[in-house]
Amino acid sequence: MSLSHFTPICCISSSTSDSLMIPPDVKKKKNSTVLCRDESKERIKNMFNKVELSASSYDTAWVAMVPSPNSSEAPFFPQCINWLLDNQLFDGSWGFADRDPLLMNDALLSTLASILALKRWGIGDDQIDKGLLFLKSNITSINDEKQHLPIGFDILFPSLIEYAQILGINLPLGATSLEAITRKKETELQRGFQSNSEGWNAYLAYCSEGMQKSRNWETVMKYQRKNGSLFNSPATTAAIYNQLKNTDCLNYLQSVLEKSGNAVPTVYPMDIYARLCMIDSLERLGINYHFKEEIRSVLDETHRYWLQGAEEIFLDPTTCAMTFRILRLNGYDVSSDPLHQYLEENFTNSLKGYLKDVGAVLELYKASQVIIHPDESVLVRLRSWTRDLLRQESSPQQVYADKLRSYVDREVKDALGFPHYANMERVLNKRSMDQYNVKETRILKTSYRSCNLASQEFLKLAVEDFNICQSIHIEELKQMSRWVVESKLDTLKFARQKVAYCYFSVAATLFTPELSDARISWAKNGVLTTVVDDFFDVGSSEEEQMNLIQLVEEWDVDINTACCSENVKIVFSALHSTICEIGEKSVKWQGRNVKNNVIKIWLNLIQSMFREAQWTRTNTVPTIDDYMQNAYVSFALGPIVLPALYLIGPKLPDDDAVNHELHCMYESMSTSGRLLNDIQGFKRESEEGKLNAVSLHIINGNGLITEEDASEKLKVIIEDKRRELLKLVLQEKGSVVPRECKEAFWKMIKVLNLFYIKDDGFTSLEMHSTVNAVLKEPIVLQELLEGAQQNLGV
């Protein structure tokens with residue numbers, strides 16, 4: 001079977017205590033965190049109700065410069081002027097007090113814009129002087145290539161300098177600095193005008209406030225949205241209003257201030273994107289199960305916006321891709337057709353395409369992996385070009401990123417290294433916590449933050465939840481280790497001992513506290529399938545094999561007299577007690593005893609293993625079809641996954657429709673896993689004189705098919721089966737199997753693909769470290785917070 005082909009991982013120590021009990025210190029710790037967890041959950045629930053964005057000094061300054069329609073000498077929005085006066089920082093700048101050192105150019109831009117707004121209305125001389133001193137002290141950062149440039153900085157900053165000169169402001173920059181700034185603008189404009197692409201035109205329109213003298217303003221208006229804005233940018237919209245006095249632009253600015261008070265954010269609205277980011281973060285951190293109602297409400301609303309063709313979704317590639325991915329993975333029937341506009345040849349014509357926005361490309365790549373139909377060529381093409389672009393070694397100067405480069409690089413590395421079908425939940429959760437930045441700063445024309453995008457509450461709850469679940473998992477693993485000894489499985493010389501490995505495969509997927517029965521069933525059957533596989537492979541005679549099959553068929557036998565050997569007695573006794581235990585537990589979950597169903601599952605497995613053993617004994621070379629019909633069963637995922645379904649929660653009726661749907665998912669999952677195993681284990685099994693799918697394709701190829709050819713052919717089948725399974729799991733219309741049960745099949749796919757990413761099994765120290773991190777090592781919140789600060793940088 002699949003799990004049996006891996007080299008055993010290093011042992012995780014076990015206790016010899018007699019029962020599965022949570023120790024007093026763990027109970028005390030758990031109780032002490034319940035209140036904190038409840039408070040964190042309540043605060044997070046409230047975040048779903050309102051998207052909060054930080055105020056943008058830069059955008060507020062541009063809105064502040066809008067003149068009153070009654071007098072060009074008075075501001076239309078005096079509250080913005082007052083906000084600028086009240087929010088200058090101690091060092092004379094405007095922006096975040098705790099800004100990252102790599103965002104100094106952002107501070108220069110916001111500070112200069114704020115100075116201009118105050119000067120425009122002849123107010124705040126002291127603030128202006130302090131701001132000018134800040135510019136003088138930090139202007140050298142414009143030549144620092146490590147600095148993260150806001151979008152359009154090389155156009156916007158020089159333009160603000162020109163405007164300052166018109167207003168009579170004596171900027172303390174020096175001739176050399178001014179020349180360098182002007183030269184950067186000229187270079188940027190020359191590069192863009194040479195391309196003359198639609199993406200360049202969109203970029204210029206987005207930076208309209210930096211092109212006051214040389215714009216055809218009417219052509220810019222094609223980018224105006226239904227809400228009256230241009231690009232949902234208050235700064236751009238204010239600049240356009242100053243030129244054209246467009247009523248819709250003014251209405252947009254007024255609506256933003258009605259929502260946000262005396263200052264404006266750098267982008268508005270972004271409710272859909274922010275709430276989806278919340279859901280994505282909660283899923284990645286492993287705490288989404290605490291917010292099922294809130295998430296469903298948000299997704300229902302988002303789906304309505306999708307069907308309505310909302311601009312907030314479809315005019316932005318990042319939001320469009322994320323919406324598609326999250327809706328589809330949560331069972332909503334959404335077409336991939338809208339993503340056609342972001343194929344490579346079309347993407348370059350967009351603003352983010354011109355910028356080579358890494359964040360947008362990353363989201364498009366993630367969306368491209370969620371293929372469930374055989375004819376979704378748009379996703380296949382999307383995956384090809386986005387993957388190639390992300391793999392390129394691009395310098396920060398060649399691409400734009402809306403986060404600090406160090407975080408973007410890690411996100412890209414993770415996405416490429418761990419596709420969605422190989423992301424075991426608890427492994428992903430641990431990795432996400434290690435990399436989480438509670439003070440995440442996003443950058444457009446200026447920097448911004450939102451508690452909806454990143455919050456210490458998320459990380460705090462994730463850490464507490466992880467540690468509580470882990471304490472339960474530790475006790476369950478101890479129980480598993482005791483069971484192996486009590487069942488005498490450790491005395492079977494032919495059988496590999498893989499308790500920790502088998503338990504890890506379920507603890508890292510079905511990890512929530514209430515699923516203890518399902519975890520124990522999964523792990524025990526994982527151990528038993530390993531033992532039985534070794535029994536048929538190297539640990540038994542033909543007589544013993546037939547004896548074991550007969551015992552399972554008859555079931556109620558006298559073990560002391562019906563077993564032909566001690567090994568058979570040990571194996572059958574362990575099977576018998578485990579299956580009966582599952583049957584008894586199923587009464588609580590299903591209202592009926594499913595023992596007979598589990599016996600049939602096991603009987604199918606050992607009969608398939610016996611058939612393979614017979615092929616070996618008689619040197620029979622089966623056809624590929626005969627091999628596969630038997631091999632997906634002998635891969636032994638049936639006893640691991642299927643019995644656990646009865647212990648997950650929802651009722652599973654024993655009728656033809658349910659059984660047919662379950663079998664389709666079982667067949668897809670097992671075929672995919674079997675072929676993954678055969679590709680990775682080809683050399684080892686060939687040396688042992690065993691046949692598998694690769695060797696059979698080579699044999700049937702009459703010398704024309706190489707190992708590489710056969711492997712590539714099987715990889716296509718693997719992908720098709722994976723796609724079929726994902727469709728069955730996500731499909732709601734016509735499905736009779738509860739989603740919670742269907743997800744168990746997909747979780748096993750993640751287990752298999754993660755284990756087979758590098759080699760045939762758990763052989764690397766890296767994987768051993770991962771197992772320990774999930775099962776043994778608690779997470780310390782303070783260490784994560786300190787580590788995030790230390791890791792900042794390019």
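Some notes on this structure:
- Dipole-positive endmost among 699, 523, 681 within the chain (Cβ charges, Cα centre): 523
- Reported label for calculated mean projected area of the Cα convex hull in nm² given [x] 37.1; [y] 31.9; [z] 40.2: [x]
- Residues residue 406 and residue 244, FRET efficiency given R0 of 41 Å [Cβ-Cβ distance, rounded to 0.05]: 0.50
- With the charge dipole of the chain set up from +1 on Lys and Arg Cβ and -1 on Asp and Glu Cβ about the Cα centre, the Cα lying farthest toward the positive end among the listed residues 182, 497, 314 is that of 182.
- Net length gained if the chain between residue 413 and residue 221 were fully extended (0.36 nm per residue, minus Cα distance): 65.2 nm
- Contact order normalised by residue count of region 620-757, Cα under 8 Å, 6+ apart, percent: 35
- For region 31-80, a crude dipole built from +1 on the beta carbon of Lys and Arg and -1 on the beta carbon of Asp and Glu, taken about the Cα centre, is about 280 debye to the nearest 20.
- For region 353-454, the relative contact order comes to 28 percent (Cα pairs under 8 Å, sequence separation of at least 6).
- Summing Lys and Arg as +1 and Asp and Glu as -1 over all other residues whose Cβ lies under 14 Å from the Cβ of residue 119 gives a net charge of -3.
- When the charge dipole of region 401-494 is built from unit charges on Cβ atoms (+1 for Lys and Arg, -1 for Asp and Glu) and taken about the Cα centre, the candidate among 469, 424, 408 whose Cα reaches farthest toward its positive end is 408.
- With the simple model of a label 7 Å out from the Cα in the direction of the Cβ, residue 255 to residue 82 spans 2.5 nm.
- Local net charge near residue 178, Cβ-Cβ under 15 Å (Lys/Arg +1, Asp/Glu -1): 0
- Label zone at residue 667 (point 7 Å along Cα-to-Cβ), backbone N below 17 Å, region 694-726: 717-726
- Formal net charge of residues neighbouring residue 675 (Cβ-Cβ distance under 12 Å; K, R +1; D, E -1): +1
- Restriction of the trypsin sites (Lys or Arg not before Pro) in region 641-697 to DSSP coil positions whose beta-carbon has at most 16 other beta-carbons within 10 angstrom yields 651, 690.
- Spin-label pair residue 596/residue 420, simplified geometry with 7 Å Cα→Cβ offset, distance in nm: 4.1
- Residues residue 786 and residue 553, FRET efficiency given R0 of 60 Å [Cβ-Cβ distance, rounded to 0.05]: 0.50
- Potential extension, residue 687-residue 341 segment - 0.36 nm per residue separation minus Cα distance: 119.5 nm
- From the alpha carbon centroid of region 173-199 to that of region 464-518 is 62 Å.
- For region 629-786, a crude dipole built from +1 on the beta carbon of Lys and Arg and -1 on the beta carbon of Asp and Glu, taken about the Cα centre, is about 260 debye to the nearest 20.
- Entry note, the chain: relative contact order of 16 percent, from Cα contacts under 8 Å with a spacing of 6+ residues.
- Placing a label point 7 Å from the Cα of residue 129 along the Cα-to-Cβ direction, none of the residues of region 172-201 has a backbone N under 14 Å of that point.
- In nm, spacing of pseudo-spin labels at residue 566 and residue 704 (7 Å Cα→C-beta vector): 5.6
- Efficiency of FRET from Cβ geometry, residue 486 and residue 743, R₀ 35 Å, rounded to 0.05: 0.65
- Note that region 452-457 has calculated 3J(HN,Hα) couplings of 6, 8, 7, 8, 5, 4 Hz, one per residue in order, obtained from phi through the Karplus relation 6.51 cos²θ - 1.76 cosθ + 1.60 (θ = phi - 60°); glycine and proline are x.
- Rounded Å value of the spacing that divides the Cα centres of region 697-732 and region 32-83: 53
- In a simple Cβ point-charge model (Lys, Arg +1; Asp, Glu -1; nothing else charged), region 403-485 has a dipole of about 400 debye relative to its Cα centre.
- A full extension of the chain between residue 99 and residue 49 corresponds to an added length of 15.3 nm, given 0.36 nm per residue minus the alpha carbon distance.
Coordinate-derived values only; no laboratory data. Keep in mind it's a predicted model, so treat the numbers as computed, not measured. Here Cβ is always computed from backbone atoms with ideal geometry, including for glycine, and neighbour counts include all displayed protein chains.
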